[in-house]
Amino acid sequence: MILLNAFKTLWINDWNEKKFYHVSTDEVYGSLGETGLFTEKTNYDPNSPYSASKASSDHFVRAYGETYGLPYVISNCSNNYGPNHFPEKLIPLFINNIINSKSLPVYGDGNYTRDWLFVLDHAIAIDLVFHKGVKGDTYNIGGFNEWKNIDLVKLLCQQMDEKLGKPKGTSEKLITYIEDRPGHDLRYAIDASKINQNLDWKPSVTFEEGLSRTIDWYLNNNDWLENVTSGEYKDYYQSQYK
């Protein structure tokens with residue numbers, strides 16, 4: 001609301017050629033069954049408070065467009081992965097845990113399915129949507145790349161073993177299954193045909209290649225990883241803003 005109101009004021013005064021770009025998520029659509037894809041016309045059906053908050057932000061942007069004529073574009077993207085990802089998320093968390101021989105906690109039976117997109121490909125898509133997207137339109141951004149969590153984790157373990165020079169299967173032994181989390185959606189899958197056809201965008205790397213590049217980044221930036229996981233970065237904020 002604060003950003004929308006600020007943009008509305010600036011746009012009315014001097015920003016007639018600008019537009020408000022809202023970057024959202026595929027979680028707003030809820031959960032898919034074993035088949036089907038989220039399109040830009042899929043009804044919103046969030047299943048957790050977190051995804052409901054994301055959905056409401058989309059609605060606010062569209063409402064400002066309808067009420068005030070605010071020029072906007074929205075994109076809904078699938079799961080991102082890549083360098084600099086905070087290690088509370090699945091891929092960087094498991095990379096760090098394998099490095100430190102810690103358990104790899106997999107929710108439920110591991111069959112939750114997500115569409116994964118390399119972060120640099122998302123950045124390219126954002127640039128295209130911002131500069132060439134139609135005002136008042138929505139674009140789904142996805143990797144055409146569905147993976148069940150357990151299959152992703154096993155691929156990650158395989159690549160980590162190769163890169164760390166460990167015997168095959170070493171990291172897989174760290175996998176543990178834990179209690180599922182509330183409101184956990186079974187499957188997300190994006191139909192990115194619109195941005196592919198209208199803006200000539202598509203992912204530039206396969207998941208296997210992107211995952212390998214991601215692992216290499218973390219292995220080559222161990223100081224960054226240790227600093228983030230140790231919590232030392234919090235000391236900066238405490239000293240600067242106490």
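The values are calculated or read from the model by the stated rules, or taken from the named source; none is laboratory data. As the structure is a computational prediction, the values presented were derived from the model and not from experiment. In this analysis, Cβ positions are derived from the backbone assuming ideal geometry, glycine residues included, and neighbour counts consider all displayed protein chains. For accessibility, only protein heavy atoms count, side chains too; no ligands or nucleic acids. Shrake-Rupley method; radii C 1.70, N 1.55, O 1.52, S 1.80 Å.
Structural remarks
- Filter pass, residue 188 being crowded, with 18+ Cβ neighbours inside 10 Å, within 21 Å of residue 152 (Cα to Cα) and in contact with an Asp or Glu (Cβ under 9 Å, 6 or more places away or on another chain): yes
- Selection count where residues are under 15 Å from residue 150 (Cβ atoms) and either free of Cβ contacts under 8 Å to residues at least 24 places away in the same chain or surrounded by fewer than 21 Cβ atoms within 10 Å (Cβ to Cβ) (or both), scope the stretch 94-103: 1
- Pair list, Cβ < 8 Å and 6+ apart or interchain, from the stretch 184-203 residues that are of a type in the set (Phe, Trp, Tyr) and at pLDDT 95 or above to residues that are open to solvent by less than 30 Å² (accessible area, probe 1.4 Å) and in a loop (DSSP other than H, G, I, E, B): 201/192
- Search result, residues across the stretch 77-104 that are closer than 12 Å to residue 174 by Cβ and of a type in the set (Ser, Thr, Tyr): 101, 103
- Tally of residues being in contact with a strand residue (DSSP E or B) (Cβ under 8 Å, 6 or more places away or on another chain), at pLDDT below 90 and small (Gly, Ala, Ser) across the stretch 161-183: 0
- Looking only at residues in the stretch 108-157 that are among the hydrophobic types (A, V, I, L, M, F, W, C), out of contact with any Phe, Trp or Tyr (no Cβ under 7 Å at 6 or more places or on another chain) and surrounded by 22 or more Cβ atoms within 10 Å (Cβ to Cβ), the one that is nearest to residue 199 (Cα to Cα) is 141.
- Near pairs, Cβ below 9 angstrom, 6+ apart or cross-chain, from the stretch 153-170 (hydroxyl-bearing (Ser, Thr, Tyr)) to any residue that is open to solvent by less than 20 Å² (accessible area, probe 1.4 Å): 170/98; 170/157; 170/160; 170/161
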